[in-house]
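Have a look at the structure below, then the notes.
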Amino acid sequence: MYFAARTPHRIDVNLHPNIQGGDVVTVTDGQSPVPDVNVYGFAYYIWQQVNRWQADGYKDYGKQIYYYQAYITPSCRAQLENDMNTRDRAGELRSRTRIMTEIPGFGFSPRRVISQGTNTWTVLLDMQLQETFRGQQIKDIYIRYPMRVVRYDVDPEKNPWKLAIDCYGNNRPARLNPDEVAAVQKNNQSPELPTESEIVPATLPGTITDPATNVTDPAPTPIQVRPVQPQSE
């Protein structure tokens, strides 16, 4: 009877995309480890979708936050909503579109997923962010986002990943120098990344006005980040 009471009612198994015959998946207390590539893929997809304003940021930003609320923590949702309200007051949403994509050549590698315990990770996403205003491009920049990802005990019908984005932790997004990005791509090199010791254990930060352009005193990344004046909007 004791054994039956201790048996998990649900077992969550996370499989590597390249699983092969003979591979073993260890399950403890109803959960298996999450492969790094799965954590990266989750962070990339959810963050990309939250930042997708297909027609009008005034309508789309809030809609995307609401639609993906099961995949972000309540504290991160509050931070995003605060950012949305700040942008609205500054006139940075109406008639704007936004898309965010992975920089070619800057995709997944194991070093982009830094474990901070069994249930917390920092994922380094190198993204290209583009915005238009009434059809005219006003922003095209490269940003490194240090996303905090946590295991999330939530209804699996709403979030089968049982992971959530918890914004940036103690870190901040950093602008990448376009010339250096181009040089890495031209030479077909693998971009260097911060070491584990350079990533601060994550806690929820205060809201910054514009994580894409108002990066205050960013920590340098191995792809050297230099201060860049925000593009006029």
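The values are calculated or read from the model by the stated rules, or taken from the named source; none is laboratory data. Model, not experiment: these values are computed from the prediction. Heads up, the Cβs are rebuilt from the backbone with ideal geometry, glycines too, and the neighbour counts pull from every protein chain shown.
Brief remarks on what is shown
- Count - residues of segment 11-64 that are among the hydroxyl-bearing types (Ser, Thr, Tyr), modelled with pLDDT of 95 or more and assigned to a loop (DSSP other than H, G, I, E, B): 0
- Subset of segment 103-134 (residues that are touching a helix residue (DSSP H, G or I) at 6+ places or on another chain (Cβ under 9 Å), more than 17 Å from Ile46 (Cβ to Cβ) and of a type in the set (Lys, Arg)): Arg111
- Top-ranked residue in segment 165-188 [being under 23 Å from Ala43 (Cα atoms) and basic (Lys, Arg); ranked as surrounded by the fewest Cβ atoms within 10 Å (Cβ to Cβ)]: Arg172
- Looking only at residues in segment 112-160 that are touching a strand residue (DSSP E or B) at 6+ places or on another chain (Cβ under 7 Å) and acidic (Asp, Glu), the one that is nearest to Gln185 (Cα to Cα) is Asp126.
- Meets criteria (of a type outside the set (Ser, Thr, Tyr), surrounded by 15 or more Cβ atoms within 10 Å (Cβ to Cβ), closer than 30 Å to Glu180 by Cα and at pLDDT 95 or above) for Ile72: no
- When segment 78-101 is filtered for residues that are among the aliphatic types (A, V, I, L, M), assigned to a loop (DSSP other than H, G, I, E, B) and surrounded by fewer than 19 Cβ atoms within 10 Å (Cβ to Cβ), only Ala90 remains.
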